[in-house]
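Read-outs throughout are calculated quantities, based only on the coordinates presented, and are distinct from any laboratory measurement. Only a predicted model underlies this, so the values are computations on that prediction, with no experimental measurement involved. Glycine gets a Cβ as well: all are built from the backbone with ideal geometry, and neighbour counts include every protein chain shown.
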Amino acid sequence: MTGLTIEAVLTGTARPLRGEEMSAIAKAPRHGAVVVKPLGLDGDEQADTVHHGGIDMAIHHYPRDHYVWWLERMPDQPLLGAAGAFGENISTTGLDEHTACIGDRYRLGTALVEISQGRQPCWKPAHRLGRPALVAEIVKTGRSGWYYRVIEPGVVAVGDVLTLERRPYPEWTVARVFGLIVGGASKADPASLKTLAGLKPLSAEWRDRARSLA
């Protein structure tokens, strides 16, 4: 894979989303270099640190490629006019869940990051976009996006290049793993769950889930 241009770098702070429930899903574009730390981008927050953030979920990448599909279903949703509708930190075109793999290491600006898991869909993007069916649609289609852990800190900016440096597990695409862990495919493929339970680059949470589903 040749390098992909980073089209948007986004961060957000926690604010009320539904009643008193807080979320940092509303992220704003950053201009200039942003520091990439072990727990994510400088200036980015997670309101729910139980289900978001941490070493294994430091940076959220959502493919801009999916926006056309979502716009066909939500043509009047203004948030789909720019990157960030799904709370992502990084936006590119040309890489999706069927080509990105668990354990992939990418040079993100000057930082080095590694794909750790797909993004578990939750109520927050569904509420923000005003589409109750969105969680089920993500589960069904696998348009989940994914998370990175940070291997080497650095800086990243719009216009930098995302370059694949290592792909040790090409058979474990984000789409395949998401289907097994979240999408229900494990019922027909229990042997793969046993392999996932020992796949070290996979997040600890998803390895535990693989063990519980096996």
- Query: Ranked by Cβ crowding within 10 angstrom, fewest neighbours first, how are V150, V156, V161 ordered?
  - Reply: V161, V150, V156
- Mean-position separation - Cα centroids, segment 1-46 and segment 136-203, in angstrom: 20 Å
- Which whole number in µm²/s is D for segment 4-185 by Stokes-Einstein, with the Kirkwood Rh taken over Cα pairs at 4 °C and 1.567 mPa s? 80 µm²/s
- Task: Just give me a number: lysine pairs in the chain, eight or more positions apart or cross-chain, with C-alpha atoms less than 20 Å apart.
- Result: 4
- What number, rounded to the nearest 500 deg cm²/dmol, is the helix-based mean residue ellipticity at 222 nm of the chain, given -39500 (n - 2.57) per DSSP H run of at least four residues and division by all its residues? -6000 deg cm²/dmol
- Taking Rh as the Kirkwood radius computed over alpha-carbon pairs of segment 67-137 and applying Stokes-Einstein at 37 °C with viscosity 0.692 mPa s, one gets a diffusion coefficient in µm² s⁻¹ of 235 µm²/s
- Task: Send over the per residue convex hull volume for segment 52-103, Cα only, as a whole number of Å³.
- Result: 90 Å³
- Message: Using a Gaussian network model on the chain with a 10 Å cutoff between Cα atoms, which of G84, G19, G103 fluctuates the most?
- Response: G19
- Assertion target for I181, I6, I151, ordered by fewest C-beta neighbours within 10 angstrom first, is I151, I6, I181
- Note on the structure: Placing each pseudo-label 7 Å from Cα in the direction of the beta carbon, M22 and A188 end up separated by a distance in nanometres of 4.4 nm
- Which whole-number percentage describes the relative contact order of the chain, with Cα contacts under 8 Å and a sequence gap of 6 or more? 26 percent
- How would you rank W172, W70, W146, going from fewest to most other Cβ atoms within 10 Å of each one's own Cβ? W70, W172, W146
- Query: Gaussian network model of the chain, Cα springs within a sub-10 Å range: biggest mean-square fluctuation belongs to which of G32, G109, G142?
  - Reply: G32
- Antiparallel %, DSSP beta bridges [both residues in segment 4-185], to 5: 95 percent
- Rounded, prolate or oblate: which fits segment 113-209, taking a ≥ b ≥ c as square roots of the Cα gyration tensor eigenvalues, rounded meaning a/c under 1.5, else prolate when a/b beats b/c? oblate
- Query: Among A191, A58, A85, whose mean-square fluctuation peaks in a Gaussian network model of the chain (Cα, cutoff 10 Å)?
  - Reply: A191
